[in-house]
Amino acid sequence: MSRFSQRSSETELMDDLELANDALRKNLDELETINTYLGGNAVTLMGLNQLLLPNYPNSDRTIRIADLGCGGGDGLRAMARWGRKKGVKLELIGIDANPFMLEYANEKARNYPEIQFEQHNIFDQDFQRQPYDIITCSLFCHHFSDEELVRFFQQWYQQTSMGVVINDIHRHYLAYHSIYWLTRIFRGSYLVKNDAPLSVLRAFSDRELKELMAQAEINPFKMSWKWAFRWLLLFGKAVKS
């Protein structure tokens with residue numbers, strides 16, 4: 001059986017919530033480079049363009065967005081710049097369970113007053129009681145099992161007034177081999193060398209994402225493929241068929 005035929009359940013090094021060292025700091029810098037030059041953050045912004053702009057009520061309304069598994073916060077900073085350019089008032093909340101990542105992200109966001117950070121475990125009821133207009137997830141969902149994702153999707157649907165923007169990886173052999181060699185050619189940290197290709201193996205086919213939505217009984221939803229090997233998945237109360 002091909003290693004790409006089904007999702008891997010192998011744990012990534014960054015799944016260790018107590019991880020806190022210089023290698024992690026370097027890895028967060030590397031992820032920002034990957035998201036910038038391989039279009040990762042652009043995919044999330046495409047989702048906001050589709051979900052938020054047609055439903056933005058007026059210039060006085062502040063939209064509350066939670067970015068789950070925010071890591072180093074580069075996605076939040078990209079959203080802040082997008083909001084300023086579009087004239088959309090945003091309250092951006094970075095959610096992560098690792099305090100080291102939140103400290104790093106907070107340092108990077110000093111020039112972005114619209115961004116704040118909160119330490120939460122998304123399994124906890126304290127987080128699940130928080131209301132948002134939009135939840136975004138970038139390279140986050142592949143860290144969880146199918147069963148967990150079905151519960152999360154149902155929870156996030158109820159938790160948001162507008163919807164959810166998911167940006168994650170298309171599991172494909174070209175994506176795997178490309179990131180495997182790129183992280184070695186450019187002498188990436190041991191974390192990115194291990195986790196970047198493993199992330200591809202833990203990621204999704206189009207059929208698998210559609211099956212997850214069916215199991216969560218969420219319809220309508222919108223799904224599209226974006227460069228480079230990313231899925232953009234939108235669902236929620238503002239998503240129309």
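The values are calculated or read from the model by the stated rules, or taken from the named source; none is laboratory data. Given the structure is predicted, the values throughout are model-derived calculations rather than measurements. So basically every Cβ, Gly included, is an ideal-geometry build from the backbone, and we count neighbours across all protein chains shown.
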Original post:
Take the residues of the range 16-31 that are under 16 Å from ARG187 (Cβ atoms) and among the acidic types (Asp, Glu): which is surrounded by the most Cβ atoms within 10 Å (Cβ to Cβ)?
Top reply: GLU30
Original post:
Do you know which residues across the range 207-223 are touching a strand residue (DSSP E or B) at 6+ places or on another chain (Cβ under 9 Å), within 16 Å of ARG151 (Cβ to Cβ) and not in a helix (DSSP H, G or I)?
Top reply: ALA216, ILE218
Original post:
In the range 172-203, which residue that is of a type outside the set (A, V, I, L, M) and in contact with a Phe, Trp or Tyr (Cβ under 6 Å, 6 or more places away or on another chain) is surrounded by the most Cβ atoms within 10 Å (Cβ to Cβ)?
Top reply: PRO197
Original post:
If you scan the range 59-98, which residues turn out to be closer than 19 Å to LEU191 by Cα, touching a residue at least 40 places away in the same chain (Cβ under 8 Å) and of a type outside the set (A, V, I, L, M)?
Top reply: GLY69, CYS70, GLY71, GLY72, GLY73, ASP74, ASN98
**OP:** Find all pairs meeting these conditions: Cβ atoms under 9 angstrom apart; at least six residues apart or on different chains; first residue within the range 118-140 and in contact (Cβ under 8 Å) with a residue 40 or more places away in the chain and within 21 Å of GLY236 (Cβ to Cβ); second residue in a loop (DSSP other than H, G, I, E, B) and of a type in the set (Val, Ile, Thr).
**Re:** none
Subject >> Contacts under 8 angstrom Cβ, first residue in the range 99-115 being more than 21 Å from LYS85 (Cβ to Cβ), partner modelled with pLDDT of 95 or more and part of a helix (DSSP H, G or I), 6 or more apart >> reply: ALA105/LEU76
**OP:** Would you be able to say whether some residue in the range 159-169 is loosely packed, with under 15 Cβ neighbours inside 10 Å, part of a strand (DSSP E or B) and not charged (D, E, K, R)?
**Re:** yes
Subject >> Test: GLN116 is at negative phi, part of a strand (DSSP E or B) and among the polar types (S, T, N, Q) >> reply: yes
Subject >> Scope the range 29-76; condition in contact with a strand residue (DSSP E or B) (Cβ under 7 Å, 6 or more places away or on another chain) and in a helix (DSSP H, G or I); matching residues >> reply: GLY40, VAL43, THR44, MET46, GLY47, LEU48, GLN50, LEU51, ASN55, GLY75, LEU76
Original post:
Just checking, which of LEU191, LEU174, LEU149, LEU198 is assigned to a helix (DSSP H, G or I) and under 14 Å from the mean Cα position of the chain (by Cα)?
Top reply: LEU149
**OP:** Identify, from the list LEU24, LEU68, the residue that is of a type outside the set (Phe, Trp, Tyr) and within 16 Å of the chain's Cα centre (by Cα).
**Re:** LEU68
Original post:
List, please: which pairs have Cβ atoms under 7 Å, are six or more places apart or on different chains, and start with a residue in the range 215-241 that is of a type in the set (Gly, Ala, Ser) and end with one that is surrounded by fewer than 15 Cβ atoms within 10 Å (Cβ to Cβ) and part of a loop (DSSP other than H, G, I, E, B)?
Top reply: SER241/PRO220
Original post:
Among ARG110, ARG129, ARG84, which is the only one that is of a type in the set (Lys, Arg) and within 17 Å of THR160 (Cβ to Cβ)?
Top reply: ARG129
**OP:** Report, by residue number, each residue of the range 213-225 that is crowded, with 17+ Cβ neighbours inside 10 Å and within 19 Å of PHE140 (Cα to Cα).
**Re:** MET213, ALA216, PHE221
Original post:
In the range 202-225, how many residues are touching a His at 6+ places or on another chain (Cβ under 9 Å) and either of a type in the set (Val, Ile, Thr) or more than 20 Å from GLY71 (Cα to Cα) (or both)?
Top reply: 4
**OP:** Sort through ARG184, ARG171 and tell me the only one that's basic (Lys, Arg) and more than 20 Å from ALA42 (Cα to Cα).
**Re:** ARG184
